[in-house]
Amino acid sequence: MIALFSTDRGWRQPVEAALRERGHEVRSASRPAELAKCLGDGRVRLVVAGPLSGEVETAKRTAGCCPVISTTPDDTMERIVHRAEAVLGGD
């Protein structure tokens, strides 16, 4: 499972749709407490942090040893999906 973390709903929704289209299970979080809840059941294998200032740092603090990838405003959906799949090993 992949968790998305961003306060920007306009970013989360298309990224979630692109990942689901590729067959990934996805959960979204807009606050650190929501991300912690997503991580709580142990199924999340990757956190994709949004491009807004501070989101990757917050995601890394919350995710512990779960891998976190950062994104930029210039990243395309295809690039984000490709990077996520590379970290997951093509799952």
For the pair R20/E57, report the inter-label distance in nm, with labels modelled 7 Å from Cα in the Cβ direction. 3.2
Of the DSSP H helices in the chain, those whose Cα atoms cover at least 15 Å axially and whose Kyte score averages 0.0 or more: 77-88
Provide the per residue accessible area, probe 1.4 Å, for the chain, rounded to a whole number of square angstrom. 55
The chain, dipole about Cα centre (Lys/Arg Cβ +1, Asp/Glu Cβ -1), debye to the nearest 20: 260
Counting Lys +1, Arg +1, Asp -1, Glu -1, what net charge surrounds W11 among other residues with beta carbon under 14 Å of its beta carbon? -2
Under the rule of -39500 (n - 2.57) per DSSP H run of 4 or more residues, summed and divided by the residues of the chain, what mean residue ellipticity at 222 nm is obtained, to the nearest 500 deg cm²/dmol? -14000 deg cm²/dmol
Value of relative contact order over the chain, rounded to a whole percent, pairs C-alpha under 8 Å and six or more apart: 31
For the stretch 23-91, which trypsin sites (Lys or Arg not before Pro) are both in a DSSP coil and crowded by at most 12 other Cβ atoms within 10 Å? R43
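The values are calculated or read from the model by the stated rules, or taken from the named source; none is laboratory data. On a predicted model such as this, the values are computed, not experimentally measured, just so you know. A quick note on method: Cβ atoms are made from the backbone with ideal geometry, for glycine too, and the neighbour counts reach across all protein chains shown. Only protein heavy atoms, including side chains, enter the accessible area calculation; ligands, DNA and RNA are left aside. Shrake-Rupley method; radii C 1.70, N 1.55, O 1.52, S 1.80 Å.
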